[in-house]
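Accompanying notes for the structure given below.
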Amino acid sequence: MVEMKLIYEGGLHTTATHGPSGAEVATDAPVDNQGKGESFSPTDLLGTALASCMLTTMAIVGDREGWKIDGARARVEKQMELEPKRRVGRLVVALTMPPGLPGAARARLDETARGCPVALSLHPDLIVELSIDWG
């Protein structure tokens, strides 16, 4: 179990502290939902968590198999739905991998990204579109 603690700071801002490390993350409501957009919104962090999880689990598999993915990048576009209730409706994730990964690595790393713990924890109504540029 990992514990995170959050404080509502007022003005639609929160600060979250990661229990084991003490690292902090600030959030603000987005401009289109009464915030100032001064930091990640909670729903931005959902997309960020997904892409980070994909890259991290791909790196774990890559390290085990001898496939280096250092320098891999991710870009996430978050699309909100307003009806019937406000929620994240679609996450478009574009991964760019470093050149030189062997063909055998591609299917395994693709499967790893799609099966990362965050991806498996998302509601099935949330559409995730993943593309991978293999360099």
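Only a single criterion out of (1) outside any strand (DSSP E or B); (2) under 15 Å from the mean Cα position of the chain (by Cα) is not satisfied by residue 76, namely (1). Being under 19 Å from residue 48 (Cα atoms) and among the basic types (Lys, Arg): is that true of residue 64 here? So residue 64 does not fit the description; no.
Under the condition of being under 17 Å from the mean Cα position of the chain (by Cα) and part of a strand (DSSP E or B), the residues counted in segment 25-56 number 4. Among the residues making up segment 1-17, a single one is among the acidic types (Asp, Glu) and outside any loop (DSSP other than H, G, I, E, B): 9. Restricting segment 1-37 to residues that are acidic (Asp, Glu) and closer than 19 Å to residue 76 by Cβ, the residue that is surrounded by the most Cβ atoms within 10 Å (Cβ to Cβ) is 28.
Filtered by the rule that a residue be surrounded by 15 or more Cβ atoms within 10 Å (Cβ to Cβ) and within 19 Å of residue 110 (Cβ to Cβ), segment 65-95 gives 67, 69, 72, 74, 76, 91, 92, 93, 94, 95. For segment 115-135, a residue qualifies if it is more than 17 Å from residue 71 (Cβ to Cβ) and either touching a Pro at 6+ places or on another chain (Cβ under 8 Å) or surrounded by fewer than 15 Cβ atoms within 10 Å (Cβ to Cβ) (or both), and the qualifying residues are 115, 117, 120, 121, 123, 124, 125, 127, 129, 131.
A short reminder: the numbers here are calculations on the coordinates, not readings from a lab. On a predicted model such as this, the values are computed, not experimentally measured, just so you know. Counting neighbours? That spans all protein chains shown, and the Cβs are built from the backbone with ideal geometry, glycine included.
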